[in-house]
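Q: I am attaching a structure below and will ask some questions about it afterwards.
The values are calculated or read from the model by the stated rules, or taken from the named source; none is laboratory data. The structure presented is a predicted model; accordingly, all values stated were derived computationally and were not measured. Here the Cβ positions follow ideal geometry from the backbone for every residue, glycine too, while neighbour counts run over all protein chains shown.
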Amino acid sequence: MGRYFGTDGFRGRAGVDLTAEHAFKIGRFLGWYYSNESDGKEVRIVIGKDTRRSSYTFENALASGITSSGADAYLLHVTTTPCVSFITRTENFDCGVMISASHNPFYDNGIKLLNGIGEKMDDELLEKIEDYIDGLVPELPYAHDEKIGKTIDFYSGRNRYIGYLTTIATTPFDNRKVALDCANGSSWMIGRAVFDALGAKTYVINNEPDGTNINTDCGSTHIEGLRKYVVENGLEVGFAYDGDADRCLAVDELGNVVNGDQIMYIVAKQLKSKGQLINNTVVTTVMSNFGLYKVLDELGIDYEKTAVGDRYVYENMKENGHIIGGEQSGHIIFRKYAHTGDGILTSVMLMEVMNETQLPLSALASGCVMYPQVLKNVEVDDKDATLEDEKVKAAVEECTELLGDTGRVLLRKSGTEPVLRVMSEAKSHEECEKHVDHIIDAMKWSGHLVKVR
């Protein structure tokens, strides 16, 4: 974690934690850095944004910074994070910028930076940007005369991305009754365009952004409305996206939520049945549900576990050549088609399985039963010392032994607070509570516990 950039960009309250000056300086540095690296070639940086009111401010500030350093800024306007990633790598941009705070409330915003092949930018370059923001490097020169950059409308890039998504489906979605919850965010036009082009009978909700209603009681973080909508309208499936549409959760025809773990199971199982699951492996984070691991074991599918964050999932996939991975929250990466999580792509892949098997989503998901989970945040005096304490380690080992192959316990450090997250998964909620509380009691006995939040 850097001073400003976390695992998913520079994020905070717009105008307070993240200001137009920050955006201008980021643009200034990117324009200067890539101009220095270009050997005199034209430098092109593409920018997308979500529907937050503050996104317009940051778009203008970034473009001003980029052009004042001699690079050209191409504006995709309102679009999704995976669209920016796709356009960056396929249209030979030097880098890409997405303005979004993802699933956060409208008053937050963020700046995500992507390298020239649409992957999250490496930490070394992010640290250089942070040094410039903090005034730790000399002021950068301004471009002048004919070297000043241009701002170019690149609305057509969105259409290229839509066209790309429609080519991935190998079977038509003819007359499939599909609901899309666009969270009043980036997917509000793109989602319908893709599903209509594939022949679905598309029903769209929360597609009227006003700058302040993104993620408000809608989308993947508030899926209750979609569940009700699917059942009341007799639809076959519903898909819920977040603000920048890099994640997707589904709802089956009965109104049940199908989470990211279940989506990975459904698609991986189908790929394996067709001999297309390269490396026979699914990449998860440590927070994926125990139920996913149980069913993958039964199917003979291998899995790997990374730290929490789709960034780490992608790095593992790239290093080892795996093709599917993601998080329970709905960040699913299909590396054959994308270099980042893509909510609309995820929904297309799930529809493909429904078409190929001719099974309803409820039947497809039924093989992956989610175990009850309890997670408590515990403030401690020292995270590392608590994890190494003998009483705490003994409590964890005791719970692990008692659960055997029927569940698990997990301790994880918060990246930003003096907090440990204590989690248990077991066959019942009561059993989860018992094991979590036993570990917290050990923290209390060892003297490390400050409070349970």
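Q: Of these, ASP389, ASP441, which one is farther than 30 Å from TYR265 by Cβ, buried (at least 18 other Cβ atoms within 10 Å of the Cβ) and charged (D, E, K, R)?
A: ASP389
Q: Just to check your reading of the model, which residue among LEU410, LEU350, LEU359, LEU420 is outside any helix (DSSP H, G or I), assigned by TED's automatic domain parsing to the domain that holds VAL267 and either under 26 Å from the mean Cα position of the chain (by Cα) or under 25 Å from LYS294 (Cβ atoms) (or both)? Please lay out each step first, then the result.
A: Numbers: LEU410 fails: assigned by TED's automatic domain parsing to the domain that holds VAL267; LEU350 fails: outside any helix (DSSP H, G or I); LEU420 fails: assigned by TED's automatic domain parsing to the domain that holds VAL267.
Just a single option satisfies the conditions, and that option is LEU359.
Q: Based on what the data block shows, is GLU431 crowded, with 18+ Cβ neighbours inside 10 Å and either in a helix (DSSP H, G or I) or aliphatic (A, V, I, L, M) (or both)?
A: Considered against the rule, which asks whether it is crowded, with 18+ Cβ neighbours inside 10 Å and either in a helix (DSSP H, G or I) or aliphatic (A, V, I, L, M) (or both), GLU431 comes out as yes.
Q: Among the candidates VAL137, VAL84, which residue alone is of a type in the set (A, V, I, L, M) and more than 30 Å from CYS218 (Cα to Cα)?
A: Residue meeting the stated conditions: VAL137.
Q: Going by the structure shown, is ASN104 of a type in the set (S, T, N, Q), surrounded by fewer than 24 Cβ atoms within 10 Å (Cβ to Cβ), touching a residue at least 40 places away in the same chain (Cβ under 8 Å) and at positive phi?
A: It is false that ASN104 is of a type in the set (S, T, N, Q), surrounded by fewer than 24 Cβ atoms within 10 Å (Cβ to Cβ), touching a residue at least 40 places away in the same chain (Cβ under 8 Å) and at positive phi.
Q: Please enumerate the residues belonging to segment 214-265 that are β-branched (Val, Ile, Thr) and under 21 Å from TYR371 (Cα atoms).
A: THR221, ILE223, VAL251, VAL257, VAL258, ILE263
Q: When only residues in segment 134-155 that are surrounded by fewer than 18 Cβ atoms within 10 Å (Cβ to Cβ) and in contact with a strand residue (DSSP E or B) (Cβ under 9 Å, 6 or more places away or on another chain) count, which is nearest to GLU42 (Cα to Cα)?
A: LYS150
Q: Take segment 309-337 and flag every residue that is part of a loop (DSSP other than H, G, I, E, B) and surrounded by fewer than 19 Cβ atoms within 10 Å (Cβ to Cβ).
A: Result: GLY309, GLY321, ARG335, LYS336, TYR337.
Q: Could you tell me how many of the residues in segment 263-298 are in a loop (DSSP other than H, G, I, E, B) and either among the small types (Gly, Ala, Ser) or not assigned by TED's automatic domain parsing to the domain that holds ASN316 (or both)?
A: 2
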